[in-house]
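*Asks:* Attaching a single structure in structure tokens format; questions to follow.
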Amino acid sequence: MTDEFAPAAPADLRSLGDYGIDLLARLVALAGTLLPTPKARAIEELALPFACWIARCGGELGYLEPVVNGAAHLANRLMRPSELEQLYGLLTEVVNAVDLRLSQAHGLPVAPSRPWRVLLLNRAIVATRSHRPARIEEAFESVVEYLPEEAPTFFREGMEQMDALDYPPQVRDLMQGFYQQCCGQCVLH
């Protein structure tokens, strides 16, 4: 007698993923009342690898807020470009697995806290901090495609960061190119 399991259907994976992420969110809320903040955040960071596991199994992601929050906490702790490049890869897996109804909400008013919006912007920031031009370009193109109303502000603020944080020339050039594309202005640096 063999004990084999059939793979879950995508709809089942979506339900299981949303349920698992919801359980983690509830655990984080409880941990926030019982544990120091860093420990509660560490629990929230578990939503990212869990979401990646669901994505790798072929499931869609519909409940993003805990995933986005956990990834943001992790991004804030990482400093080395190589670590940030790895995080970018995980965020890309999440982006690619997001339910199409969330990712294709073009033309809808963009709430500042909308998880899809925050995911795309944070992914672009992580890409920038990784200093990897191919990753940066890919992330910036997603911002332009999915958040066209916000892209000018994102790239304007990005240009300010280029000066403040002394980014390498190839990163500056990419940021300036997207800034010019979205803002229609020429900036000399």
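The values are calculated or read from the model by the stated rules, or taken from the named source; none is laboratory data. What you see is a predicted model; the values in this text were computed from it and never measured. With ideal geometry, Cβ positions are generated from the backbone for all residues, glycine too; neighbour counts draw on all protein chains shown.
*Asks:* Hey, could you check segment 151-166 for residues that are under 14 Å from Gln180 (Cα atoms) and among the charged types (D, E, K, R) and say which is surrounded by the most Cβ atoms within 10 Å (Cβ to Cβ)?
*Replies:* Residue satisfying both the conditions and the ranking: Arg156.
*Asks:* Give the residues of segment 81-99 that are acidic (Asp, Glu) and surrounded by 21 or more Cβ atoms within 10 Å (Cβ to Cβ), sorted by residue number.
*Replies:* none
*Asks:* Residue under question is Tyr63, and the condition is that it be assigned to a loop (DSSP other than H, G, I, E, B) and at pLDDT 90 or above; does it hold?
*Replies:* Answer is yes for this residue.
*Asks:* Could you give every pair whose Cβ atoms fall below 8 Å, whose first residue belongs to segment 28-46 and is within 20 Å of Gly17 (Cβ to Cβ), and whose second residue is assigned to a helix (DSSP H, G or I) and small (Gly, Ala, Ser), counting only separations of at least 6 or pairs across chains?
*Replies:* Val28/Ala40; Ile43/Ala31; Glu44/Ala25; Glu44/Gly70; Glu45/Gly70; Glu45/Ala71; Leu46/Gly70
*Asks:* Another question, then. Would you point out which residue out of Pro66, Pro49 is touching a residue at least 40 places away in the same chain (Cβ under 8 Å), buried (at least 21 other Cβ atoms within 10 Å of the Cβ) and of a type outside the set (A, V, I, L, M, F, W, C)?
*Replies:* Pro66
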